[in-house]
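All remarks here apply to the structure that follows.
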Amino acid sequence: SFHSGYFDDYIFKPINEHDNDERIRIFINLTTFVDCLLLFGSSLETTAGTITYNSDDALLKLSLEDSGILTTCDISTLYMDNNEDIGYELFSAFLSSNELCQVILKSEILKEAMHDLSDVYGATTVAIEITKNPENLTFMTVGTMGECEIEFPRLSDLFVSFRCDKSSKWTYPLTSLQLGMKALNISKETFIRMNEEGVICIQHQIETNRGHEIYIDYLMVSDVVNENIYDDNHYEDNDDDQ
């Protein structure tokens, strides 16, 4: 989300002048939107961009001016009823279950860990475990030629905060996790939360050149449907059995 203060100029007019709703929600094809942004290039020091939407033609218009050259893209918006609002349903599903643990950590070190996990040949899934006793965050993956386990103790400099009400471990597709971690290249901190249904919410904090903070959220469900929550004596019980 972007606060209006991030922009040089921000104008909002309700579709209906008698409507008190201060938000307009539109849907667009993500691939088309990304392709349009790629047309703008990566050098933005001398450019000025605008985003406009008019309900009369239902077009989201992107424009970029650089040294007198103007590039414009008109993107047709999509109609989606409430039943198709998947993103909202995922957030609702996450909030409807008890949150078991949350950690805030430095993105740079997490990016290095993701590189190591991605380098495991043949790996398709990643297990994420957050434990209360001892307080650790662990990533594990197994491939055809080897395996990788990365453990971050609570006392390391990696964490900004660490809270775990109950230890849990869930498995996620590696490709999906990689998509959720793409913002690590530009983010400052990453906020990870897991609930008792195995839904994980990954939020990246990004600081703009103007000193503003923006956030990118990514939600993902576990690909294993089973109970992965255990009590605080999990490790002690295992030691006694041995």
Query - Odd one out for L90, checked against (1) touching a Leu at 6+ places or on another chain (Cβ under 7 Å); (2) modelled with pLDDT of 95 or more - result: (2)
**Report entry** Only one of S156, S187, S161, S176 that is more than 17 Å from I104 (Cβ to Cβ) and either in the same structural domain as E99 (by TED's automatic domain parsing) or of a type outside the set (A, V, I, L, M, F, W, C) (or both)
**Finding:** S176
Query raised in the report: If we keep just the residues of the range 168-200 that are part of a strand (DSSP E or B) and basic (K, R), which is farthest from D157 (Cα to Cα)?
Result: K169
Query raised in the report: Any residue in the range 153-161 that is more than 18 Å from I192 (Cα to Cα), crowded, with 16+ Cβ neighbours inside 10 Å, of a type outside the set (V, I, T) and modelled with pLDDT of 90 or more?
Result: no
Query raised in the report: What number of residues in the range 108-121 are within 14 Å of D157 (Cα to Cα) and either in contact with a Pro (Cβ under 8 Å, 6 or more places away or on another chain) or surrounded by 19 or more Cβ atoms within 10 Å (Cβ to Cβ) (or both)?
Result: 1
Query raised in the report: Can you name every residue in the range 100-121 that is under 17 Å from I206 (Cβ atoms) and of a type outside the set (A, V, I, L, M)?
Result: K106, S107, E108, K111
Report summary line: Counting only residues in the range 16-38 that are surrounded by fewer than 12 Cβ atoms within 10 Å (Cβ to Cβ) and hydrophobic (A, V, I, L, M, F, W, C), the one modelled with the lowest pLDDT is identified as L38
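The values are calculated or read from the model by the stated rules, or taken from the named source; none is laboratory data. Since the structure is predicted, the reported quantities are computational estimates derived from the model, not experimental observations. Glycine gets a Cβ as well: all are built from the backbone with ideal geometry, and neighbour counts include every protein chain shown.
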